[in-house]
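The values are calculated or read from the model by the stated rules, or taken from the named source; none is laboratory data. It should be emphasised that the depicted structure is a prediction, and the values quoted were computed from it without experimental measurement. Just so you know, the surface numbers come from the protein's heavy atoms only, side chains and all, with ligands and any DNA or RNA stripped out. Shrake-Rupley method; radii C 1.70, N 1.55, O 1.52, S 1.80 Å.
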Amino acid sequence: MGGHARAAVRDQGSGAAPRPDQLDPMELLGALAADFRSHGGTLVEGARVRRVTGRGPVIVTAETGTATAHTVVVATNMPILDRGGFFARASAERSYCLAFAGAEPTVAGMYLSADSPSRSLRDAPGPDGPLLLVGGNGHGTGRASSPRARIDDLVAWTRQHFPGAELTHTWSAQDYVTSHALPFVGPLVPGRSDLMVAGGYAKWGMTNGVAAALALSSRLLDGHTEWAAVLDSWSAAWLRGVPQAALLNAEVGFEMTRGWLSPLTRPGGRAPAEGKGEVRLDHVGLPTGVSTVDGVVRRVPAVCPHLGGVLRWNDAEHSWDCPLHGSRFDKDGALLEGPATCSLTRVRD
């Protein structure tokens, strides 16, 4: 990775007991992009991929055009291609991170709770002194009654344990946890060496993502990395995750049924209160998401175009989230993330 990436490692000091290094993910990403370009690579951003088809060469179709390649890696965490059935082997999880200034006592290092609800702590440099980063209160995507309440609880916990802490920033993240607890790295379908996938990092992307990259590069460049076999997307290791996969899909079935039944109890009427949203049945009996944000009432189809799950309102981020496989859409229906590849169509009054 060269000198650029080394600059992203935060010095933990010398002469003291060994401690984990802290990495700034944006600095690391910038270093990788610079290294990639220095080797002649072309980096295209802001072009959502819709389809990957063909064989010899593989054709990638994006909103901005098409590209061809001898080998394509779909590294969208949850593959946007359903042919491998990876959506049935992993669950979508959301988590939160908050930044605080003026927290006392200060935290020097990184800490992760062993009990529940989860809490993670670390410090980070800020413009006016060190910041405290607090993470936790994760939940299945689309399966929390109020994500805003989760964030508020995290803020209250921090102020209780760190008097004087002042909230400066909030973030959220989405990751996928696989049924056998390891990432999937390898062919999209057995015997397909020209179309690969990588994902399922279970919130450990800084390490599992690097492991996936090493395993893929070894495979594509005819190398041999012995430990990489356990990450293979179609290895026997997946058999150990069959019971968990069955449980995941039972939960998906429950969420599917609950999603389609819930609107039956919500007849149409007044617009939701500011910042709120709910699913109602339209005039032909189909679920419609109705929300009020900044005084504007919006209506979008509430059925996920991926596999037909009924969406739920996220009151923290003003988005519509799918409880089945984690696709997310903004208040106007524009696709944000997930295995879905197209946006929702705005419902006109």
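Å³ per residue of the Cα convex hull, for the chain?
184
In a GNM of the chain with a 10 Å cut-off on Cα contacts, which of Ser116, Ser95, Ser145 has the highest mean-square fluctuation?
Its mean-square fluctuation being the largest, the pick is Ser116.
Where is the GNM fluctuation largest for the chain (alpha-carbon springs, 10 angstrom cutoff): Pro127, Pro190, Pro305?
Taking springs between Cα atoms under 10 Å, the residue moving most is Pro127.
Could you give the distance between the Cα centres of the range 274-317 and the range 105-175, to the whole Å?
Measuring centre to centre over Cα atoms gives 29 Å.
When all C-alpha to C-alpha distances in the range 44-158 are sorted into bins of 5 Å, what percent of pairs does each bin hold, rounded to whole numbers?
Percent of pairs per bin, in order: 2, 9, 14, 13, 11, 11, 11, 11, 10, 6, 2, 0.
Over the chain, give the accessible area per residue in Å² for a 1.4 Å probe, as an integer. Write out the running numbers ahead of the final one.
Values: 18490 Å² over 349 residues.
On a per-residue basis, the chain sits at 53 Å².
For the chain, modelled as a GNM with alpha-carbon contacts under 10 angstrom, which of Leu221, Leu154, Leu324 fluctuates the most?
Residue with maximal mean-square fluctuation among Leu221, Leu154, Leu324: Leu221.
Using a 1.4 Å probe on the protein heavy atoms, what percent of the accessible area of the chain belongs to carbon and sulfur? Write out the running numbers ahead of the final one.
Details: 10620 of 18490 Å².
Carbon plus sulfur share of accessible area: 57 percent.
In 10 Å bins starting at 0, how do the alpha-carbon pair distances of the range 164-216 split up by percent?
With a bin width of 10 Å, the distribution comes to 22, 40, 21, 11, 5, 1.
Go ahead and estimate [θ] at 222 nm for the chain from helices alone: -39,500 (n - 2.57) per DSSP H run with n ≥ 4, summed, over the residue count, rounded to 500. Write down the numbers at each step before the final one.
Details: 5 runs with 70 residues, N = 349.
It lands at -6500 deg cm²/dmol.
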